[in-house]
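The values are calculated or read from the model by the stated rules, or taken from the named source; none is laboratory data. The structure presented is a predicted model; accordingly, all values stated were derived computationally and were not measured. All Cβ positions, glycine included, derive from the backbone under ideal geometry; neighbour counts span all protein chains shown.
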């Protein structure tokens, strides 16, 4: 996480601080955890000064978090004076585990057991059939393999392409799904809470906590499909129907190729990874031109929301042979031409440097977010 920015509040979208006394402890726990996550160590006194919580409140909440396995005690805080040095507190990576599953790849699904920092402790994958379809049975089989290799699991997370609402994938063109409830069958089988998130949201969480993302970020995701996720002042913008960021089915070319969604010339039909790979395979001599055109198409789709939201940081994740310098530079040039003004700071488009485990690491953070919000 960018060290110059304040910590992200560990509350799931839709959860807000409340005056109800029954919620005070939960919110204080999330506040303290957010100060320490992912790699900060503070004493109880430092936590009190940063949060404004009383000494008694800090001691009470910290004690329960230590017992729970969320945090651990470490060394002693630096104290330039003569007073007693406080014990430093940090995230505990030993006692609690998360199972995280990624459905965003083609030809296989993958998953891992992680600690609370998203560090992968054990991984597995499941090859898909010739039709490249994913079923709930596939997900349960992979989850069972992962659950057999760990204990003290606080939850299972699934990162899926498409519109996700309350554990149900409402619509996923990439998976061919409509109204598929993932949460209920997984919770019934494994008896732990299940979080289901859009894959680009998972990627955005990984970039925010483990990459260079700040509190205002547009994250663009290239895998089976194309999606974006947006943070404004560290609040995810999900939209009324949880479809915020679904740019893959914005029509860029009304005369373009037909899309399974019913429109023509959707961004996903023009520049998704499978489309670009096929085009470059058929025309290897035009590889640079194809990627530059793809970058322009992406920038064209992003120009309006960038101008409306005053976003200055766009992070693009995708295969390195596609999201390369030709792609990024072409997108940057077009965006500069269409959004630059005296009152709008230049928006930088950059490539995400987190590796192939990005969805797994981000979804483990989503599970942790939901766990702390309960």
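For the range 151-168, name all the residues that are over 17 Å from residue 203 (Cα atoms) and assigned to a strand (DSSP E or B).
Of everything in the range 151-168, those that are over 17 Å from residue 203 (Cα atoms) and assigned to a strand (DSSP E or B) turn out to be 153, 154, 155, 165, 168.
Hey, does the range 86-93 have a residue that's part of a strand (DSSP E or B) and within 21 Å of the chain's Cα centre (by Cα)?
The answer is yes, given that some residue of the range 86-93 is part of a strand (DSSP E or B) and within 21 Å of the chain's Cα centre (by Cα).
Restricting to the range 289-315, name every residue that is in contact with a strand residue (DSSP E or B) (Cβ under 9 Å, 6 or more places away or on another chain), over 20 Å from residue 352 (Cβ atoms) and part of a helix (DSSP H, G or I).
The one that is in contact with a strand residue (DSSP E or B) (Cβ under 9 Å, 6 or more places away or on another chain), over 20 Å from residue 352 (Cβ atoms) and part of a helix (DSSP H, G or I): 307.
May I ask you to say which residue of 255, 268 is over 17 Å from residue 320 (Cα atoms), in a loop (DSSP other than H, G, I, E, B) and modelled with pLDDT under 95?
Exactly one residue qualifies, and that residue is 255.
So, of the residues in the range 147-166 that are without any contact (Cβ under 8 Å) to a residue 60 or more places away in the chain and surrounded by fewer than 24 Cβ atoms within 10 Å (Cβ to Cβ), which turns out to be nearest to residue 177 (Cα to Cα)?
If we take residues in the range 147-166 being without any contact (Cβ under 8 Å) to a residue 60 or more places away in the chain and surrounded by fewer than 24 Cβ atoms within 10 Å (Cβ to Cβ), then 166 is nearest to residue 177 (Cα to Cα).
Within 30 Å of residue 25 (Cα to Cα), surrounded by 14 or more Cβ atoms within 10 Å (Cβ to Cβ) and touching a helix residue (DSSP H, G or I) at 6+ places or on another chain (Cβ under 6 Å), is that true of residue 361?
Yes: the conditions hold for residue 361.
For the range 129-150, which residues satisfy the criterion of being assigned to a loop (DSSP other than H, G, I, E, B), modelled with pLDDT of 95 or more and either under 19 Å from residue 172 (Cα atoms) or more than 24 Å from the chain's Cα centre (by Cα) (or both)?
Matches in the range 129-150: 134, 135, 148, 149.
Can you tell me how many residues within the range 51-83 are in contact with a strand residue (DSSP E or B) (Cβ under 9 Å, 6 or more places away or on another chain), exposed (fewer than 14 other Cβ atoms within 10 Å of the Cβ) and in a loop (DSSP other than H, G, I, E, B)?
The qualifying residues number 0.
Take the conditions closer than 28 Å to residue 170 by Cβ, part of a loop (DSSP other than H, G, I, E, B) and in contact (Cβ under 8 Å) with a residue 12 or more places away in the chain and apply them to residue 244. Does it pass?
The answer is yes for residue 244.
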